[in-house]
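A short write-up of the structure that comes next.
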Amino acid sequence: MTNSGRHIRGMTDWCMVEEYIHGFDYAGKNVLSLTPEASYCLKREGVKYSILEDHYDEEDLWLEEKKYFDQQLEWFARFDALLKEKIPYCGENEIDLAKSHYYRIKCLVDSVILNSVIFSKVVKATRPGRVFYLCVAENDGYSASIYEPFESQKRVIKQVAEKVFGKYDVICERVYADKDADGVIPQRPSLSVLGKEVLKKLRLKSVYSFFKYRKFSRTPGAAKNKAGNILVLHSGCLAIDSLMRDVICSGGNVYLKSGRHIERISSIFQQRCMDLNEAVGVELDAGTKKSLVDAFVSFGAEKGLLEWINERCGIDVSDILMPYFKDLFEMIFLENLAELPLLDRFIKEKEIDLVVARSSSEKEVISALLMASKESKRACFQHSCGAFDGEREHVSELMLFDHYFAIHREAEQHMREVLRKNRKVGNCKVYQDPCQMKVVRERWKNDHRDGNLIMYVPTKLFFGFRTYNGYLYPLTWYFELQKAIIDLFCERKDLKFIFKFAPGQNWSARSILKYIEDKAAPNIFIETRPVADCLGRVGRVLLDFPSTSLYEAAAAGIPVMSLSHSLLGVRKLAEDLFGTSIREFDGVEDAVDAVKTYLNEEPGKYRVDLPMDDVKGIDILCDIKNAVPGEERVYGKNR
């Protein structure tokens, strides 16, 4: 996964460029681009550059990934043992606070480790004497929270890089540019989203909710409360919204935790039941607050915890990470401990049968999932599904749940296999609720398509944000891949292409979209709506990463092909299902050749029948509610 390795021997002055600075003297220096935005500007201005991946072997980073996964779970266990020792409530109630925030803690720690290793490899390979680090001036008001990682990520990467430079006695000088926020493309909201926002502004949210969840169909009398009562932690997911509607129509009660409020959705007029903003400082006694402070001090002094990270970085990164862990203890853990008893009472008083979420990766869901663990009342409804095997997601989607609803048959088979192989990630019962994919199939099955219109769906990436056990492409290398694909599109004037831009990917707006604009190709168009909203008119779909959109295109009956780098590792079940619709590649040229083949071949060869069982989440929910101990029911064909 390298380019040409443009490195001028004997030249020891290097520019490492996060942000291109007009007027800076790049002459007589080796220039290394750290971001797609920088690569775009350097190329445009005729400045030769290399990227990080030119100077190390990407494959070396992942050699002990599986071993790392197991060791990190042990690290989380030690972290929770410390919290249980120092915080009586956690010890008495067997609360694993650290592991409950696994996803976000892992993302921060792994990003720091990976970037430490990468910069060390690059410094060893290039041996710079002096580095000019070109970047945007920092904002002192940033949030050191593990739940706002992208906001502060560039700050962390600078700090990691400078520590590596210091280790190897490399002089580093920061050069600041004015912040340039041009090129950001806002998302074009759908009519349904606009309608919802208008209703909210008019204070008619209850009206919108009345029709969205079909409360007019609510079953009276004997069938009342057939499905029980649910507390929902995520709305906006098709499967969960459908479940909410079905529960309401069958006479059950639906409560929605939105931010730090809980509202009763199933009543005719939406009602607020609880304000958790009042929890902090009211429900928490002084002793618990002090125990949090003591626990943080012990965490900083506990060599086994920070040392484990430092050893893998090869440098001491304690001062980089400690502000984030301080916020974790003093803000996030504090909120959890304040909310837990309130949510415990709420679940009991409202006789909640199931707490429903789409993952455990968001801060707002953790307290409710921890409280619902006492009676195995937690259900995860899968909202995304790639064709790869990411252990990171196994933890965030399985460990804090008792029931798991996959979005199609292959995903269900996969999750059952995961649990058979590794009980460390949880002990869920796995079902299938293909509502999301069935909606896509029904919505687009009869549409008339333009056979010459191809939608290209890139993956989502963030600067510096990479983890073990969930492979993502390196960002600057990915920009080179995208440029090569766009160049191919420009050559194919007989075809039309949609570039599916993902709102929030500002690096893309400032690099690849500008590259497309410079090309001025009349056969390339930009689209910002969700993929599922764009499937009605396209003749084919192309992906560069086998994400959920691969399955959505298959469900819609559209010919689809996804590139997949060999380091990603497509799972066997997905390989068998998709066949030639997943093309493995090693380098940019391989990828372009695979796309050429796809564009030249008969589209029908790339149409995939996505298997889905005839099951509904509401029916399984009713069975869970009324289950006899020891009884296990069979659903669908996949057994």
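How large is the accessible surface per residue of the chain, computed with a 1.4 Å probe and reported in Å² as a whole number?
Accessible surface, normalised per residue, equals 42 Å².
Just in the range 6-76: which GluC sites (Glu not before Pro) are loop by DSSP and have at most 16 other Cβ atoms within 10 Å?
Those that pass, being in a loop and sparsely packed, are Glu45, Glu64.
For the range 27-79, which trypsin sites (Lys or Arg not before Pro) are in a loop by DSSP, counting at most 16 other Cβ atoms within 10 Å?
Those satisfying the criteria are Lys48.
Using a cut-off of 13 Å between beta-carbons, work out the net charge of the residues near Glu601 (Lys and Arg +1, Asp and Glu -1, Glu601 not included).
+3
Hey, can you grab everything whose amide H is under 5 Å from the amide H of Lys429? Only 5+ residues off in sequence or another chain; H modelled, so Pro and N-termini drop out.
Here the answer is His403, Tyr404, since their amide H atoms fall under 5 Å of that of Lys429.
In the range 491-528, which trypsin sites (Lys or Arg not before Pro) are in a loop and have at most 16 other Cβ atoms within 10 Å, using DSSP for the loop call?
Filter output for the range 491-528: Lys493.
Would you compute, from DSSP H runs of 4+ residues alone, the mean residue ellipticity of the chain at 222 nm, taking -39500 (n - 2.57) per run and dividing by the full residue count, rounded to the nearest 500?
After summing the helix terms and dividing by the residues of the chain, the value is -13000 deg cm²/dmol.
Once amide H atoms are placed 1.01 Å from N in the peptide plane, what residues at a sequence separation of 5 or more from Leu472, or on another chain, have their amide H within under 5 Å of its amide H?
Distant-sequence amide H within range of Leu472: Thr467.
Counting DSSP beta bridges in the chain, what percent are antiparallel, to the nearest 5?
If I count the DSSP bridges inside the chain, around 15 percent turn out antiparallel.
What whole number of Å gives the distance from the Cα centroid of the range 78-112 to the Cα centroid of the range 297-313?
14
Full-extension gain between Ser143 and Asp275, please, as 0.36 nm times their residue separation minus the C-alpha to C-alpha distance.
45.1 nm
For every other residue with a beta carbon closer than 10 angstrom to the beta carbon of Arg392, add +1 if it is Lys or Arg and -1 if Asp or Glu, then tell me the sum.
Residues close to Arg392 contribute a combined charge of -3.
Roughly how many Å is it from the Cα centre of the range 47-66 to that of the range 606-620, as a whole number?
A separation of 40 Å, based on Cα centres.
Quick one: what are the phi-derived ³J(HN,Hα) couplings along the range 492-508, Karplus 6.51/-1.76/1.60 with θ = phi - 60°, whole Hz, x for glycine and proline?
Values per residue, Gly and Pro as x: 8, 5, 7, 10, 10, 10, 9, 9, 7, 7, 9, x, x, 8, 5, 4, 5 Hz.
Which whole-number percentage describes the relative contact order of the chain, with Cα contacts under 8 Å and a sequence gap of 6 or more?
In percent, rounded to a whole number, it is 15.
For a label point 7 angstrom out from the Cα of Arg130 toward its Cβ, which stretches of the range 14-40 have the backbone nitrogen within less than 17 Å?
14-17, 24-32
For labels at Lys363 and Glu601 in the simple 7 Å Cα→Cβ model, what's the distance in nm?
My value for the distance between the label points is 4.7 nm.
Counting Lys and Arg as +1 and Asp and Glu as -1, what is the net charge of the other residues whose Cβ lies under 12 Å from the Cβ of Glu552?
Local net charge: +3.
Tally up the carbon and sulfur contribution to the accessible surface of the chain as a whole percent, 1.4 Å probe, everything protein left in place.
With neighbouring chains kept in place, the figure for the chain is 49 percent.
The values are calculated or read from the model by the stated rules, or taken from the named source; none is laboratory data. All figures in this text were calculated on a predicted structure; none of them were measured in a lab. Counting neighbours? That spans all protein chains shown, and the Cβs are built from the backbone with ideal geometry, glycine included. Calculation scope for accessible area: heavy atoms of the full protein, side chains included, ligands and nucleic acids excluded. Shrake-Rupley method; radii C 1.70, N 1.55, O 1.52, S 1.80 Å.
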